[in-house]
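Some notes on the structure that comes next.
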Amino acid sequence: MADAIYSPDVVVVGGGVAGLTVALNLAPRKVCIITKSSLGINTSSSWAQGGIAAAVSKDDSNESHIQDTLRTAVGLANSDAIEKVINNAKNTIADLESYGVNFDKNKDGSFNLGLEGAHSHNRIIRSKGDSSGLEIMRGLIENVIQSEHITVLENVSIDNIMTDQNKIYGVIGRFTDKNVPNNNVVIESTHVVLATGGLGGLYANTTNPRSSYGEGIALASQAGAILTDMEFIQFHPTGLDFGLDPTPLATEAIRGEGAYLVNQHKERFMLGTHPANELAPRDLIAQSIFNQIERGNSVFLDCRHIGKNFNTRFPQVSSYCKKADLDPELDLLPILPVAHYHIGGVKTNLKGQTSVEGLWCCGEVAATGIHGANRLASNSLLESLVFAKIVAKEINKKDIDSKINISSGFIKIFKEKTKNKIRAKKYIWQLRSSMMRNLGIVRNKDTIIRGLNDVLKIERESKGLSAKLNDMLLVCKFIIISAYLRKESRGCHLRSDYKDTNKDLIKHFDLKYSDIDYYIKTILETDRSKFDEKLVS
Ligand code: SIN
């Protein structure tokens with residue numbers, strides 16, 4: 001039996017921008033926000049260096065922003081979702097200002113707008129240069145703390161979503177703080193919002209917190225929700241190669257101010273590959289850097305010529321460089337491409353509803369359709385904020401069933417705790433390295449099969465060792481199956497064995513938990529000779 005049972009009107013899992021915004025907009029409904037760490041810690045939102053894309057300058061328009069987003073999405077975007085998000089950009093900025101969030105402004109009071117790749121105008125609204133995420137989170141957290149309708153349960157990890165006949169009854173989990181004895185917790189509610197972030201933590205090189213390993217995707221899929229577009233993982237071209245895990249980011253805005261990409265021979269290798277050179281779409285730059293590295297070259301960001309006061313214009317990047325004993329005004333900064341953003345996830349409609357009644361998603365865990373096969377920089381904070389508000393509005397229209405009687409059957413399904421942390425860590429590292437090597441920037445059938453081989457082997461050897469590892473393996477399988485099925489290159493999914501975009505594949509691969517065995521069996525049977533014998537027998 002659980003030690004603590006809570007019964008709010010709505011449970012929000014995740015304390016990033018999406019989770020906090022949905023909670024604030026649910027007033028006066030009683031909301032419980034669940035976060036894995038302390039509020040504001042270990043969320044990608046706080047680390048966001050870009051900003052919020054919004055067409056606010058005189059020469060810009062929502063139509064132009066919509067066109068840039070559609071072009072970048074390479075045929076797979078949902079134009080209704082794009083219009084919904086972009087047409088709400090100005091209101092969203094106004095909402096944030098009403099929460100006390102400060103944005104960078106010029107002397108005349110207009111926004112000091114940055115430029116990022118594949119945007120045809122300067123339209124990135126930022127805070128303190130590269131500290132937008134921190135500032136937005138500060139404003140939201142201050143409001144959450146003052147909101148009587150919100151309870152925050154910190155240091156709680158969710159094990160399961162309780163469902164019965166495709167309907168939600170709440171979540172169960174545990175306090176991760178070792179000092180809480182008998183730490184199981186049950187939170188009953190007929191509305192659960194997942195705002196758990198992305199899955200970069202499945203990759204050896206990522207800008208995401210390591211705790212972002214697709215937990216929301218694992219939870220939702222086990223609750224029966226449909227996933228989509230799992231193969232589309234966006235790699236950011238300029239992680240700072242300082243040997244750290246996670247990898248610190250060097251924001252694209254630095255290239256927006258004129259920084260170059262060079263190799264050790266001082267060649268600007270992006271010149272001539274795309275009219276926008278270093279501001280080409282992210283996937284092209286990540287792929288060019290990948291090719292440079294494959295050829296044995298080292299790659300650097302050259303900021304030396306872009307003017308003084310780098311440390312006040314980009315304080316986060318400066319502080320990372322300082323720790324690595326590098327000065328961006330004098331030194332070349334070593335870089336590598338890193339897993340940055342997951343475009344796919346739990347499939348939602350334009351209300352943020354999933355295929356399971358009472359289960360809602362917003363933020364990076366949700367696949368709303370706005371990014372298609374590739375995300376335009378700084379569209380994701382905007383998407384999170386707009387859809388979080390929509391989800392809250394939709395839940396506010398619903399009746400809340402407060403008479404939930406959880407049978408003891410539900411409460412039996414607490415996951416087992418990690419049995420051996422050191423062994424689990426070894427497997428987690430093997431898995432992350434394999435995903436980077438085999439399901440990274442460039443994939444092909446052989447690497448995808450190697451990735452699946454590794455996943456199945458780790459699963460067999462580590463059986464039951466760690467709930468986190470099991471979730472990671474599950475999410476990797478969804479990525480692998482989708483990458484196998486998409487026999488083309490499109491957006492951020494690049495296959496060296498199918499280099500072209502195929503017009504017959506302007507479609508999405510939807511997957512359910514119950515599909516996994518079928519697909520894996522089919523891949524094993526089709527390519528029997530490429531798997532370890534033990535795995536196919
Ligand atoms: C960046 O600052 O380069 C990241 C922005 C984003 O990923 O949207």
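The values are calculated or read from the model by the stated rules, or taken from the named source; none is laboratory data. It should be emphasised that the depicted structure is a prediction, and the values quoted were computed from it without experimental measurement. As a convention, Cβ positions derive from the backbone with ideal geometry for all residues, glycine included, and neighbour counts pool all protein chains shown. These accessible areas exclude ligands, DNA and RNA; they are computed on the full protein's heavy atoms, side chains included. Shrake-Rupley method; radii C 1.70, N 1.55, O 1.52, S 1.80 Å.
Structure above, values below:
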| quantity | calculated |
| --- | --- |
| Qualifying residue in segment 210-222 (condition: under 28 Å from Lys322 (Cβ atoms) and within 16 Å of the ligand (Cβ to nearest atom)) | yes |
| Cβ-Cβ under 8 Å pairs, at least 6 apart or on other chains, segment 330-347 side over 27 Å from Val262 (Cα atoms) and in contact (Cβ under 8 Å) with a residue 40 or more places away in the chain, far side in a strand (DSSP E or B) and open to solvent by 20 Å² or more (accessible area, probe 1.4 Å) | Lys347/Asp510 |
| Asn179 being at pLDDT below 95, outside any helix (DSSP H, G or I) and open to solvent by 20 Å² or more (accessible area, probe 1.4 Å) | yes |
| Of residues in segment 278-302 being assigned to a loop (DSSP other than H, G, I, E, B) and within 16 Å of the ligand (Cβ to nearest atom), the one surrounded by the most Cβ atoms within 10 Å (Cβ to Cβ) | Pro281 |
| Among the candidates Pro275, Pro246, residue that is within 15 Å of the ligand (Cβ to nearest atom), of a type outside the set (A, V, I, L, M, F, W, C), open to solvent by 10 Å² or more (accessible area, probe 1.4 Å) and in a loop (DSSP other than H, G, I, E, B) | Pro246 |
| Candidate set: segment 331-353, residues that are in a loop (DSSP other than H, G, I, E, B) and in contact with a Leu (Cβ under 8 Å, 6 or more places away or on another chain); chosen: the one farthest from the ligand (Cβ to nearest atom) | Leu332 |
| Complete set of residues in segment 486-537 that are β-branched (Val, Ile, Thr) and surrounded by fewer than 17 Cβ atoms within 10 Å (Cβ to Cβ) | Thr501, Ile506, Ile516, Thr522, Thr526, Val536 |
| Among the candidates Ile390, Ile400, Ile395, residue that is farther than 15 Å from Val11 by Cβ, of a type in the set (A, V, I, L, M), in contact (Cβ under 8 Å) with a residue 12 or more places away in the chain and away from the ligand (no atom under 16 Å from the Cβ) | Ile390 |
| Residues located in segment 29-53, provided they are more than 16 Å from the ligand (Cβ to nearest atom) and assigned to a strand (DSSP E or B) | Val31, Cys32, Ile33, Ile34 |
| Any chance Gly129 is at pLDDT below 95, farther than 18 Å from Gly14 by Cβ and under 21 Å from the mean Cα position of the chain (by Cα) | no |
| Single match in Ala48, Ala81, Ala77 (criterion: under 27 Å from Arg282 (Cβ atoms) and open to solvent by less than 20 Å² (accessible area, probe 1.4 Å)) | Ala81 |
